[in-house]
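Here is the structure we will look at, set down as structure tokens.
The values are calculated or read from the model by the stated rules, or taken from the named source; none is laboratory data. Because the structure is predicted, anything quoted here is derived from the model rather than measured. Heads up, the Cβs are rebuilt from the backbone with ideal geometry, glycines too, and the neighbour counts pull from every protein chain shown.
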Amino acid sequence: MLEGCTPWPEKFQRRYREAGYWEDITLWRMFEESAAEFPDHVALVFEDQRITYRELESRINRLAVKLVEMGLQDRDRVIFQLANTPELVYTFYALMKIGVIPVMALPAHRFTEISHFAKHADAVGYLIPDKVRDFDFRDLANDVAAAVSSVQHIIVAGEANDGQASITDLIGSGSDDSVPDDQASKDLGDPSDVALMLLSGGTTALPKLIPRTHNDYVYNSRQHRDLAEVDATTVFLALLPMAHNYNLACPGLLTTLDCGGRVVIATSLNAEKVFPLIEKEGATIVPAAVPLITKWLTSGMAEKYDLSSIKTMMNGGAKLAPELRQRVRETFGCTFQDSFGTGEGLINVTRLDDDDDVILHSSGRPISPGDEMKIVDENGHEVSDGKKGELICRGPYTIRGYYRSPKNNATAFTEDGFYHTGDLVSRRDGNLYVEGRIKDLINRGGEKISIDEVENHILANGKIENVCIVAMPDPQYGEKACAFVRLKENMDITFDELSAFLLGRDIAKFKLPERLEIIENFPLSPAGKILRRELRRMIEDTLEAEGKIAVSREIDA
Ligand code: AMP
């Protein structure tokens, strides 16, 4: 296994193979077999492009040949920041084929995050879109390459600048019917080794890298086939970043293309654009998230379109309230499925035929019989059913350690390999119920913001003496970040000034606090620790007094 990764102990590897969880195929082989079975099915729809499996396979192969010619080698790491376009799909599979490991960055990441990933992984390349809205990724890539000497290749979806390679040029204008047969056409990946690295939505100063193997990720992806009823008739709507676990493999791009189904890539998240696309393309699975669902439900647009093709609308990333789940079913006339999981592995889903009570209230149960879960108290002792505790887990697709992170691994995993999710849950009749969390992060409708990371950036501001970031309730996102700040003597700072300061530190915009509260003195515990819970109550009371929310004390259990 790649250096810096923690393999499953031999005993577990044997167990997972014997149980048939690990099939010893690569993610590329999974696609290749499907392409052989469904060559003429449309695999991808993007704007006016309709790309068949045959065309897709040919383009992937042509790209793979060129990437090898450029010098990319098996086990090399590259930073992968492509937006939802066909190029993302060509490139992802081409990398799987030649054994190059993409670090799956998100579109919002900027210099601070990207250069950290590149350094941490010794990345040799950086894959980017040319421009998204006003932001030019080609300039960012030049900055990253200048700062991180291992980065030798900048590969662009769209127009490349000097010294950068364009994916379109690399694919070239060769025939979509032929598959080049040479070195790169071989399946170079090793099923038991790392295929890709996801990012942890974690609590440390910067996201940690999650190494997922072909074996575990093929399994992760395939377990969703039956649970989400994905087959060759599926029309999967890709709305959220396909570089994130949820839309990549839960069920996502990989599951859909494994089954001969079709992935329709949406270019906007607004009801005005999404609903006509659903109607036109007959989308059957719509994986969404809290902010999208709340926005769509209040848009009043659903009745204007024929959305009867939708079989399942999914929620993932953050908890969706039971009333909203019910409204999803009524408004869209479909089944609702909740997906509660982590990039580190364990995924739980409600089953499509579960009782109403389970579908509306629970966060589901594990996708694999090989998943082992415990719900434990602060001392690591299991609690009884119905009682709250931290969810810890291990299994055939849950990692045993972060990449090159021995220090974090020592606290994030138990000695016998259980991963600490940091989520507080209870279990009833085998189903999990998310009750809160013990990890220090803000869950902004599914986007995770590390409190530690942002507080450190704020403390770099010369006017600020101390800061404490807490989650404040938000009707659309569930929660957002509020920064409580104590200023140095005779200093003043406005919200806009703080935002500009943070943007100047080149971090993803979604991490910026959305409210600033200047405070004279922090509430402290007898031991002198800032009482976050007290601050959360203060901001809830303020928001309630402003008429912005009706307080639900359950939010920060
Ligand atoms: P990520 O690895 O970024 O997908 O984040 C995983 C974390 O998001 C979990 O540990 C939970 O805290 C939270 N999460 C994900 N899905 C759900 C859900 N359906 N309901 C509640 N929390 C969720």
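Just a few scattered comments:
- Qualifying residue in segment 118-132 (condition: crowded, with 24+ Cβ neighbours inside 10 Å, hydroxyl-bearing (S, T, Y) and touching a residue at least 24 places away in the same chain (Cβ under 8 Å)): yes
- Within this structure, P291 passes the test of being in contact (Cβ under 8 Å) with a residue 60 or more places away in the chain and within 16 Å of the ligand (Cβ to nearest atom).
- Scanning segment 294-340 for residues that are over 22 Å from the mean Cα position of the chain (by Cα) and either among the acidic types (D, E) or closer than 22 Å to G252 by Cβ (or both) yields E303, D306, L307, S309, I310, K311, E323, V328, E330, F332, C334, T335.
- G547 meets all of the listed conditions (1) among the small types (G, A, S); (2) farther than 30 Å from L140 by Cβ; (3) touching a residue at least 60 places away in the same chain (Cβ under 8 Å) but one, namely (3).
- Only a single item in (1) within 30 Å of E372 (Cα to Cα); (2) within 15 Å of the ligand (Cβ to nearest atom) is not met by T411, and it is number (2).
- Only residues that are farther than 18 Å from A508 by Cβ, part of a loop (DSSP other than H, G, I, E, B) and aliphatic (A, V, I, L, M) were counted across segment 78-110, and they come to 1.
- Hits in segment 9-26 - residues which are touching a strand residue (DSSP E or B) at 6+ places or on another chain (Cβ under 9 Å) and not polar (S, T, N, Q): F12, W22
- The condition (being at pLDDT 95 or above, surrounded by fewer than 18 Cβ atoms within 10 Å (Cβ to Cβ) and closer than 26 Å to D423 by Cα) is satisfied by just one residue among E323, E330: E323.
- Verdict on S173 being among the small types (G, A, S) and in contact with a Pro (Cβ under 7 Å, 6 or more places away or on another chain): no
- From the list R133, R75, the lone residue that is within 26 Å of N247 (Cα to Cα) and modelled with pLDDT under 95 is R133.
- Qualifying position, being within 16 Å of the ligand (Cβ to nearest atom), part of a loop (DSSP other than H, G, I, E, B) and surrounded by 14 or more Cβ atoms within 10 Å (Cβ to Cβ), among K439, K448: K439
- Number of positions in segment 462-495 that are more than 30 Å from G316 (Cα to Cα) and either surrounded by 21 or more Cβ atoms within 10 Å (Cβ to Cβ) or in contact with a Gly (Cβ under 6 Å, 6 or more places away or on another chain) (or both): 2
- Counting only helices (runs of 4 or more DSSP H) that fall entirely inside segment 277-376 and contain at least 1 residues that are of a type in the set (A, V, I, L, M, F, W, C) and farther than 28 Å from I265 by Cβ, the qualifying elements are 356-361.
- All positions within segment 519-532 that are loosely packed, with under 12 Cβ neighbours inside 10 Å and modelled with pLDDT of 95 or more: E520, N521, L524
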